[in-house]
Every structure is written in C-alpha cells, then in structure tokens.
1. Sum -39500 (n - 2.57) across every DSSP H segment of at least 4 residues in the chain, then divide by the residue count to get the 222 nm mean residue ellipticity, nearest 500.
2. Under the definition of Cα pairs under 8 Å and six or more residues apart, what whole-number percent is the relative contact order of the chain?
3. Given a 10 angstrom Cα cut-off, can you work out which residue in Ala47, Ala25, Ala56 is the most mobile in a GNM of the chain?
4. Quick one: angle between helix 51-69 and the longest Cα principal axis of the chain, in degrees between 0 and 90, rounded to 10, please.
5. Expressed as a whole percentage, what fraction of the accessible surface of the chain belongs to carbon and sulfur atoms when a 1.4 Å probe is rolled over the protein heavy atoms?
6. If you count only protein heavy atoms with a 1.4 Å probe, what accessible area per residue comes out for the chain, rounded to a whole Å²?
7. Per q in 0.11, 0.23, 0.24, 0.28 1/Å, what log10 I(q)/I(0) does a Debye calculation on the alpha-carbon atoms of the chain return?
Amino acid sequence: MIFAGLAVAYMLIPILVVALFSFDAGNEQGELDFVWNTFTLDYWQDAFANEDVTNAMQTSLELAALAMIG
C-alpha cells in the first residue's frame with residue numbers, strides 16, 4: 001500500500017509544482033526559476049485563447065467521456 005502512495009505522489013508532485021509556479025511572475029529576463037518573485041495571473045489570463053490548447057482540452061474530455069462509457 002505504501003508503494004502505491006509513493007507512485008501516486010511521484011506522478012502528482014511535478015504537476016503541483018508546475019501549477020504552483022504558473023502563478024510566479026519570473027525574473028527580469030522573463031525566465032522562471034525556483035525563486036518566488038511576485039504573484040501574477042498573466043499566464044492564466046488568456047489560457048484558453050490559444051486554439052491548440054482548446055482543441056487538446058476538448059479531445060481529452062471526449063476521450064475521458066468515452067472511457068467512462070465503455
């Protein structure tokens with residue numbers, strides 16, 4: 001049971017780190033690093049304005065629905 005928990009943590013922790021740092025403004029050069037500078041919502045302002053992102057999300061949701069049905 002402990003190994004299952006470690007496996008889940010191994011998969012989820014990187015996702016949580018990326019989500020956390022998506023709210024960081026980065027440094028002066030626009031690079032993201034492990035030093036938290038300021039809070040920003042700039043990266044999320046137009047998250048679904050990109051057509052490729054919207055199409056990928058739609059495909060993922062359709063496949064998830066099909067997986068639940070079948």
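The values are calculated or read from the model by the stated rules, or taken from the named source; none is laboratory data. Quick caveat: nothing in here was measured; it's all calculated off a predicted structure. Please note that ligands, DNA and RNA were not included when accessible areas were found on the heavy atoms of the full protein model with its side chains. Shrake-Rupley method; radii C 1.70, N 1.55, O 1.52, S 1.80 Å.
1. Numbers: 3 runs with 43 residues, N = 70.
My calculation for the chain gives -20000 deg cm²/dmol from helical runs alone.
2. Values: 31 pairs, mean separation 12.9, N = 70.
The value is 18 percent.
3. Fluctuation is largest for Ala56.
4. Between helix and principal axis, roughly 30 degrees.
5. Details: 4390 of 6200 Å².
Of all accessible area on the chain, carbon and sulfur atoms account for 71 percent.
6. Numbers: 6200 Å² over 70 residues.
About 89 Å² of surface per residue is accessible.
7. Debye output, listed in q order: -0.47, -1.03, -1.04, -1.10.
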